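Reviewing the structure listed below.
The values are calculated or read from the model by the stated rules, or taken from the named source; none is laboratory data. On a predicted model such as this, the values are computed, not experimentally measured, just so you know. Cβ placement follows ideal geometry from the backbone for every residue including glycine, while neighbour counts extend to all protein chains displayed. Keep in mind that these areas ignore ligands, DNA and RNA; they rest on the heavy atoms of the full protein, side chains included. Shrake-Rupley method; radii C 1.70, N 1.55, O 1.52, S 1.80 Å.
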Amino acid sequence: MAAHATVYVCNSRRTPHPFRAVAADARSVHPRKAATSMTYTTVHVPISGGDSAVDCLVTGSGPALVLVHGTGATPEGNWGPVIDALKDRYTLVAPTLSGSGSTTDAGGSLTVDDLVAQVLGAVDAAGLDTFHLAGHSLGATVAAATAGARPERIRSLFLHAGWAVTDPWQEFQFDLWQRLLRVDKDLFSRALQVTAFGAKTLAGRRIEDFEENVAACNALFDADGMARQSELNLRVDITEELGRITAPTLVVSGTQDLIVPPHHQRELGAAIAGARFLELDCGHALPFEQPELFARTVTEFVEGQQTATS
């Protein structure tokens, strides 16, 4: 893992919470606006392609918890219910990775090391030393790589729907994502509806619910940025980093996950010393499918580890 580079901060701002997609019930994902406001800071982090201006969400006070979003998502889109549950007790830091949201860079291919540098850049800019760390999907892979790169800084590690090495199933899928995104973002969003969610959620939807979810999905991501992160997904291999993780770790899997199937999480758990493994009855998009369950699972783990290490 490359050494972390120097960062500098500019353009702190206080803005209302933007619209995010949350699951209102088992059938649909609806945009809503939260009542709270969040602080955003732009952190400049050198990555392999040059400078990146990383948009970072910072809110709350107390022990530090860093949240890493998944492919094409944003911090609030991915972690909204967790932020709402923990902002009164934790300092929450959530970088927007290259390819998502308002973060900018020179373009080109991304690496896991690039995204690790952005996570650590956000943490350093916030003045944090040690911190709890949580990631979803690609964010779980990046979080695990971060924990392997700087094990002395990680108090606990929560990994949902992550993977260590991309396999042929995923290669075919992420290549399909890029092909769809080149043609029409809406086609990609429609395909995602039948792969990201669990069977129980899909069985309870009406056609109107599918259409609402497609619209919400389209609003969440930029097609070019999603394609860049999807291309990175093709090349993931963090095997070496896993053996260096020392933090208490919970690896969470969805039994109906078709995007990153459960065997990937089992392999993650087996490769991390002392890791616990938890299966939930859900698909890949647990933060959107069952946001309350997702928030409760994260919160109970982090609170337990905070109590144990205080």
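Below is a table of values for the structure above.
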| quantity | calculated |
| --- | --- |
| Residue under evaluation T71, criteria (1) touching a Gly at 6+ places or on another chain (Cβ under 9 Å); (2) within 25 Å of V260 (Cβ to Cβ); (3) at pLDDT below 95, criterion not met | (3) |
| Checking L159 against (1) open to solvent by 10 Å² or more (accessible area, probe 1.4 Å); (2) of a type outside the set (D, E, K, R); (3) under 19 Å from A270 (Cβ atoms), the condition it does not meet | (1) |
| Residue list for the stretch 241-270, restricted to those being open to solvent by 10 Å² or more (accessible area, probe 1.4 Å), assigned to a loop (DSSP other than H, G, I, E, B) and not β-branched (V, I, T) | G243, R244, P248, Q256, L258 |
| D55 vs. criteria open to solvent by 10 Å² or more (accessible area, probe 1.4 Å), touching a helix residue (DSSP H, G or I) at 6+ places or on another chain (Cβ under 9 Å), at pLDDT 95 or above and in a strand (DSSP E or B) | yes |
| Lone unmet requirement of (1) touching a Leu at 6+ places or on another chain (Cβ under 7 Å); (2) within 26 Å of L65 (Cα to Cα) for A191 | (2) |
| Some residue of the stretch 98-109 being part of a helix (DSSP H, G or I) and under 30 Å from D51 (Cβ atoms) | no |
| Enumerated helices (runs of 4 or more DSSP H) restricted to the stretch 134-197, each holding at least 2 residues that are within 30 Å of S310 (Cα to Cα) | 138-149 |
| Among the candidates V142, V112, residue that is in contact with a helix residue (DSSP H, G or I) (Cβ under 9 Å, 6 or more places away or on another chain), under 26 Å from P291 (Cα atoms) and in contact (Cβ under 8 Å) with a residue 40 or more places away in the chain | V142 |
| Those residues of the stretch 201-240 which are small (G, A, S) and either assigned to a helix (DSSP H, G or I) or open to solvent by 70 Å² or more (accessible area, probe 1.4 Å) (or both), in sequence order | A203, A215, A216, A219, A223, G225, A227, S230 |
| Complete set of residues in the stretch 271-284 that are touching a strand residue (DSSP E or B) at 6+ places or on another chain (Cβ under 9 Å) and open to solvent by 10 Å² or more (accessible area, probe 1.4 Å) | A273, G274, A275, R276, F277, L278, E279, L280, D281, H284 |
| Residue list for the stretch 63-75, restricted to those being touching a strand residue (DSSP E or B) at 6+ places or on another chain (Cβ under 6 Å) and surrounded by fewer than 24 Cβ atoms within 10 Å (Cβ to Cβ) | A64 |
| Any pair with Cβ under 6 angstrom, 6 or more apart, that starts in the stretch 292-303 at a residue that is of a type in the set (V, I, T) and ends at one that is assigned to a helix (DSSP H, G or I) and open to solvent by 20 Å² or more (accessible area, probe 1.4 Å) | T299/A85 |
| Hits in the stretch 91-123 - residues which are under 23 Å from N218 (Cβ atoms), open to solvent by 10 Å² or more (accessible area, probe 1.4 Å) and among the polar types (S, T, N, Q) | S102, T103, T104 |
| Contacts under 6 angstrom Cβ, first residue in the stretch 55-72 being under 12 Å from L86 (Cα atoms), partner charged (D, E, K, R), 6 or more apart | T59/K87; G60/K87; G62/R89 |
